[in-house]
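In what follows, a structure is listed as structure tokens, so that the remarks can point back to it.
Laboratory data are not the source of any read-out in this text; all were calculated from the coordinates shown. Not measured: the values here are computed from a predicted model. All Cβ positions, even for glycine, are placed from backbone atoms using ideal geometry, and neighbour counts span all protein chains on display.
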Amino acid sequence: MLRKIALSITLVSCTFLSQSFVYATNSKSKNTIKVQSQDFSVSIGKLVNLCEGQANVGIKIVSLKSGQTLYEQNANKLFLPASSLKAFTAGAALSMLGPQYRLKTSVCTDGVVQDGVVQGNLYLKGGGNPELSEKDLESLVFTMKLQGIHSIKGKVYVDSSEFDAISQGPGWMWDDEPEYWNSPMSALTVNHSCLQVWVCPAEECNAPAKILVYPKTSFVSIDNSAKTTDSDKSNVQLHRNYSQVRNFIKIGGTVAKNSEPTSHLVALQQPQLFAGNVFVDLLKKNNINLSSTILEAKIPLDVTLLAEHESSPVADIIKKMMKESDNLFADCLFKKIGQIQSDSIGTWGNGSKAVREFLSGRGLNPQEMVVLDGSGLSRYNLVTPSQFVEFLVRMKKDFSFSEEFVSSLSVSGVDGNLRKAMDEKVLYSKVRAKTGSMRGVRTLVGYTTTAEGEDLALAIMINGFIGTRDPSKKLENEICKFLVEYKRK
């Protein structure tokens with residue numbers, strides 16, 4: 001009966017690859033190409049007709065019960081994984097930090113507090129917490145207020161030295177837009193290193209659009225030339241020049257008079273200074289007097305802790321990272337495990353080393369893959385379907401954090417990136433997986449269960465196509481539908 005599953009899936013792959021090419025090769029590759037079957041071709045015929053351009057597909061499907069490979073094609077060839085690489089980051093963080101580990105942000109002074117006055121410098125130190133918010137910083141200020149602090153005599157510094165200053169990873173696209181998903185990372189970030197901007201219509205036509213921002217900060221300059229018009233639709237253009245270090249946002253275009261405000265999240269450069277400026281604004285808002293502007297310095301060894309904030313447990317951070325495919329969360333964890341493992345600062349290099357050491361301990365050969373960041377944004381990353389499936393099998397068997405890992409995966413039709421991507425009734429709650437998408441790349445790695453309750457690990461990796469990802473996503477869905485309805489008998 002195993003012949004049926006192999007025969008069926010192959011037809012879609014072979015037809016989809018009628019003009020395919022090989023992305024990368026491995027000398028150990030032994031591809032399994034089965035004979036075509038009519039069963040599967042009917043259900044995916046429309047998908048095949050929609051496929052345009054060229055693509056290469058790698059697939060591996062393994063039974064978790066028997067360990068038997070049910071199907072493989074190009075399983076040992078290297079593919080760009082995109083965000084599916086976050087699965088490695090999640091596993092490494094759960095293993096090296098532990099599910100209950102928390103990342104700390106602290107406020108310290110190198111002086112003393114006398115009669116409510118900090119007689120010394122104040123330091124805001126980041127510990128790599130990617131979920132730190134303005135409200136969290138306000139809780140630090142409130143803790144200071146509870147101690148009676150009302151004035152700071154020294155200077156105010158931010159310390160982001162737990163990570164290096166390289167905010168973008170190797171192989172990232174330099175011309176990606178400064179949006180939420182592409183936020184620069186630092187050991188000290190707040191509000192996802194983003195400014196939220198609302199563009200609202202004015203009361204009269206030809207008047208400048210109204211601009212609201214959160215949080216309010218002098219760290220960002222805005223040039224607004226957007227006009228209110230009587231047109232039916234708005235055409236707002238918001239841009240930050242990514243070649244400039246300073247955070248200058250230009251807003252143009254038109255805003256329909258009767259339209260709702262449009263919301264935009266703009267990623268900012270120098271996230272640690274943005275966090276520092278927000279912190280200083282909160283100090284002033286809470287009537288803590290200071291005269292210093294924000295500076296950068298590493299915190300001295302001999303300091304007094306004034307306030308501390310702890311993140312959610314790492315398991316919760318990972319769940320959000322995986323289900324929402326949050327790049328900033330992934331890369332902060334990547335550098336954090338590099339910092340812990342190397343007993344040094346967190347860098348892209350020692351993050352890579354830490355993840356590869358973790359994978360080596362799970363039976364994978366790190367010399368046969370490329371892992372350069374935690375998010376999968378790098379165009380240099382390379383992984384095979386076989387490597388992903390071997391990793392998934394090992395993670396399922398690791399009872400120390402298997403539950404946390406599996407629960408972090410998106411559930412088809414329920415949450416995360418699979419809520420809408422797999423919303424058909426037959427797939428509802430039947431697939432747990434991490435997806436990956438970037439231009440010319442679509443991947444899915446995870447678990448599913450057959451109609452008879454047999455658990456499977458699978459990896460579907462599609463590279464090299466031109467245009468929309470819809471045909472690739474359709475291919476994933478059709479394969480998964482076949483698997484959840486599959487019966488051996």
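Counting beta carbons within 10 Å around each of I317, I211 and listing the fewest first gives the order I211, I317. In segment 385-437, if the dipole is taken from +1 on Lys/Arg beta carbons and -1 on Asp/Glu beta carbons about the Cα centre, which of S437, L427, S410 is farthest to the positive end? It is L427, whose Cα lies furthest towards the positive end. Going by a ≥ b ≥ c, the root eigenvalues of the Cα gyration tensor, does segment 218-328 fall in the rounded group (a/c under 1.5), the prolate group (a/b larger than b/c) or the oblate group? Since a/c reaches 1.5 and a/b is larger than b/c, the shape of segment 218-328 is classed as prolate. Sorting the segments 469-475, 234-240 by their residues' average number of neighbouring beta-carbon atoms within 10 angstrom, most packed first, yields 469-475, 234-240. Annotation: the antiparallel percentage among DSSP beta bridges lying fully within the chain is about 80.
Here the peptides 325-333, 347-355, 303-311, 66-74 are ranked by packing, the mean other Cβ count within 10 Å, and the order with the highest first is 325-333, 347-355, 66-74, 303-311. Over the chain, Cα pairs under 8 Å with separation of 6+ residues give a relative contact order of 22 percent. Applied to segment 345-354, the Karplus parametrisation 6.51 cos²θ - 1.76 cosθ + 1.60 on θ = phi - 60° returns per-residue 3J(HN,Hα) values of 7, x, 10, 4, x, 7, x, 4, 4, 5 Hz, with x for Gly and Pro.
Our coupling estimate for segment 437-442, obtained by passing each phi through the Karplus curve with A = 6.51, B = -1.76, C = 1.60 and θ = phi - 60°, is 9, 7, 4, x, 9, 8 Hz, Gly and Pro reported as x. Listed values for segment 179-190 are Karplus-derived 3J(HN,Hα) couplings in whole Hz (6.51 cos²θ - 1.76 cosθ + 1.60, θ = phi - 60°), namely 10, 3, 6, 10, 5, x, 10, 7, 5, 10, 10, 9, and x replaces Gly and Pro. The candidate values are (i) 22, 47, 26, 4, 0; (ii) 27, 61, 12, 0; (iii) 20, 59, 21, 0; the one derived from this structure for P(r) over Cα pairs in 20 Å bins from 0, in percent carries the label (i). Each Lys or Arg adds one and each Asp or Glu takes one away; over the other residues whose Cβ falls under 14 Å from the Cβ of G361, this sums to +2. Positive end of the dipole of the chain (Cβ unit charges, origin at the Cα centre): among L78, F163, G338, the Cα lying farthest that way belongs to L78. Summary of packing: across the peptides 183-189, 159-165, the per-residue average of other C-beta atoms within 10 Å ranks them, highest first, as 183-189, 159-165. Once you have a ≥ b ≥ c as the square roots of the Cα gyration tensor eigenvalues for segment 380-489, tell me rounded if a/c is under 1.5, and otherwise prolate or oblate according to whether a/b is larger than b/c. Oblate is the answer for segment 380-489, as a/c is 1.5 or above yet b/c matches or exceeds a/b. Close amide H partners of F79, meaning residues 5 or more places away or on another chain with modelled amide H under 5 Å apart, are V383, T384.
Sorted fewest first by neighbouring Cβ atoms within 10 angstrom, L78, L364 come out as L364, L78. Computed about the Cα centre, the dipole magnitude for the chain is approximately 1440 debye when only Lys and Arg (+1) and Asp and Glu (-1) carry charge, each at its Cβ.
Positive contributions from Lys and Arg (+1) and negative ones from Asp and Glu (-1), summed over other residues with Cβ under 11 Å from the Cβ of A92, come out at +4.
Put a dot 7 Å past the Cα of N224, heading toward its Cβ, do the same for N286, and the two dots end up 2.9 nm apart.
In the chain, if the dipole is taken from +1 on Lys/Arg beta carbons and -1 on Asp/Glu beta carbons about the Cα centre, which of I460, G128, I288 is farthest to the positive end? The residue sitting most towards the positive pole is I460. By the count of neighbouring beta-carbon atoms within 10 Å, fewest first, F279, F248, F274 end up ordered F248, F279, F274.
In this structure, the pairs whose alpha-carbon distance is over 27 Å, taken from K227/K323; K145/K323; K155/K353; K104/K298; K135/K434, are K227/K323; K145/K323; K155/K353; K135/K434. Put simply, the amide H of L64, placed in the peptide plane, has neighbours under 5 Å in D455, L456, A457, leaving out anything fewer than 5 places away on its chain. In segment 180-267, the DSSP beta bridges split such that about 70 percent are antiparallel, to the nearest 5. Residues whose amide H comes within less than 5 Å of that of T228, counting only those at least five positions distant or on another chain, are A202, N206, A207, A209, V255 (H built at 1.01 Å from N in the peptide plane). Using the Cβ atoms and a cut-off under 12 Å, what net charge is assigned to the surroundings of G338, where Lys and Arg are +1 and Asp and Glu are -1? Charge balance in the 12 Å sphere: -2.
Taking a ≥ b ≥ c as the square roots of the eigenvalues of the alpha carbon gyration tensor, segment 180-267 is prolate, as a/c is not under 1.5 and a/b beats b/c.
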